[in-house]
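J.: Quick one: the structure is below, and I'll ask about it shortly.
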Amino acid sequence: MSAELLTVEFEPQLPADDDDSVPKGLHVRLMYAPTQPAAQGLQFQVVLRNDSSRTRKLHNPYDVLTYVLGDAEGWPLGPAAPASRLKLNPKRSNVAKRLAYLDVTGITIEDRALSTDEVAAELESNTVAIAGQQRYTYHLAIRQAHPAHDHPDLVELAPGSYQLRAMLLVRTANFRPASSVLGTANLSIQLT
């Protein structure tokens with residue numbers, strides 16, 4: 001994405017169980033270009049920033065990141081998100097199905113882009129550790145959707161106006177896990 005990016009904060013979507021449901025100092029943002037070329041799919045970044053001095057260990061955020069993609073009027077275009085490892089029994093990787101749902105075009109830690117092998121290892125990992133004062137970024141693309149609510153097959157995204165809303169379950173991976181559901185407002189994105 002070469003255009004100027006807009007930034008929106010993920011906000012709590014449900015009342016928190018306690019004050020520590022999202023680790024202190026952890027901030028989650030979505031960055032996107034409001035106008036993008038359709039040939040690359042609908043691209044955006046999810047940035048997890050740890051402003052604390054402590055390392056934060058989380059259940060793999062990619063595994064529990066979902067979205068609702070809508071047309072210009074907000075009608076959902078799907079597809080439905082595959083189950084996360086947190087819901088599968090036994091806990092097993094579902095990365096191949098998730099990549100068809102939400103493609104990972106890269107991962108950066110601070111300004112260092114991970115290699116293809118490192119990205120694959122990160123996606124297969126059950127947890128992610130974000131060091132203090134570190135920024136961890138997923139570069140993502142939605143490439144397919146249902147062209148209409150009654151159309152069962154997925155097709156490549158066509159030029160047009162879309163609405164995107166992202167949701168993320170932030171769940172710590174420690175002895176007493178805490179979790180919080182975060183989400184964005186509806187974002188308008190034009191594919192040209």
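Coordinate-derived values only; no laboratory data. Keep in mind that this is a model prediction, so the values were computed, not measured. As a convention, Cβ positions derive from the backbone with ideal geometry for all residues, glycine included, and neighbour counts pool all protein chains shown.
J.: Counting only other residues whose beta carbon sits under 13 Å from that of Gly132, what net charge do I get with K and R as +1, D and E as -1? All intermediate terms of the calculation are to be shown ahead of the outcome.
T.: Numbers: positive: Lys24, Arg49, Arg54, Arg56, Lys57, Arg135; negative: Asp51, Glu110.
Neighbourhood net charge equals +4.
J.: Using r as the Cβ-Cβ distance of Glu110 and Arg54, and R0 as 25 Å, what FRET efficiency do you calculate, to the nearest 0.05?
T.: 0.90
J.: Given axes a ≥ b ≥ c from the Cα gyration tensor, I'd like to know whether region 20-77 is rounded (a/c under 1.5), prolate (a/b larger than b/c) or oblate.
T.: It comes out prolate by the Cα gyration axes.
J.: Sticking with this one: Within 12 Å, Cβ to Cβ, of Val46, how many net charges do the neighbouring residues add up to if Lys/Arg are +1 and Asp/Glu are -1?
T.: +2
J.: Taking the Cα centre of region 6-191 as the origin, how large is its charge dipole in debye, to the nearest 20, when only Lys and Arg (+1) and Asp and Glu (-1) carry charge on their Cβ atoms?
T.: 580
J.: Classify region 149-188 as rounded, prolate or oblate, taking a ≥ b ≥ c as the square roots of the eigenvalues of its Cα gyration tensor: rounded when a/c is under 1.5, otherwise prolate if a/b is larger than b/c and oblate if not. Intermediate results must be reported in sequence, preceding the final value.
T.: On the way: a/c = 4.06, a/b = 2.33, b/c = 1.74.
Prolate.
J.: Sticking with this one: Highest mean first, how do 174-181, 60-67 rank when packing is the count of other Cβ atoms within 10 Å averaged over residues? Please list the in-between numbers first.
T.: Numbers: 174-181: 13.9, 60-67: 20.9.
Ranked by mean Cβ neighbours within 10 Å, highest first: 60-67, 174-181.
J.: Quick one: check the C-alpha center-to-center distance for region 62-79 versus region 115-145, whole angstrom.
T.: 20
J.: While we're here: Using packing as a proxy for protection, rank 107-118, 69-80, 29-40 so that the peptide with the highest average count of other Cβ atoms within 10 Å comes first.
T.: Descending packing order for the listed peptides: 29-40, 69-80, 107-118.
J.: Let me ask something additional. Can you list the residues of region 156-178 with backbone N under 12 Å from a point 7 Å past the Cα of Asn186, pointing along Cα to Cβ?
T.: 162-165
J.: Follow-up. Taking only the alpha carbons of the chain, what extent do you get along each of the three principal axes, in Å, biggest first?
T.: That gives 45, 39, 37 Å along the principal axes, largest extent first.
J.: So what is the relative contact order for the chain, in percent, with contacts set as C-alpha pairs under 8 Å and at least six apart?
T.: Details: 419 pairs, mean separation 62.2, N = 192.
32 percent.
J.: Quote the charge dipole size of region 95-192 about the Cα centre in Debye, to the nearest 20; the model charges only the Cβ of Lys and Arg (+1) and of Asp and Glu (-1). Kindly include the intermediate steps, with their values, before the conclusion.
T.: Details: 8 positive and 10 negative charges, 88 e Å.
So the magnitude is around 420 debye.
J.: Give me the one-decimal nm value for the distance between modelled label points at Thr7 and Glu156, 7 Å along each residue's Cα-to-Cβ direction.
T.: With each label placed 7 Å out from Cα toward Cβ, I get 3.3 nm.
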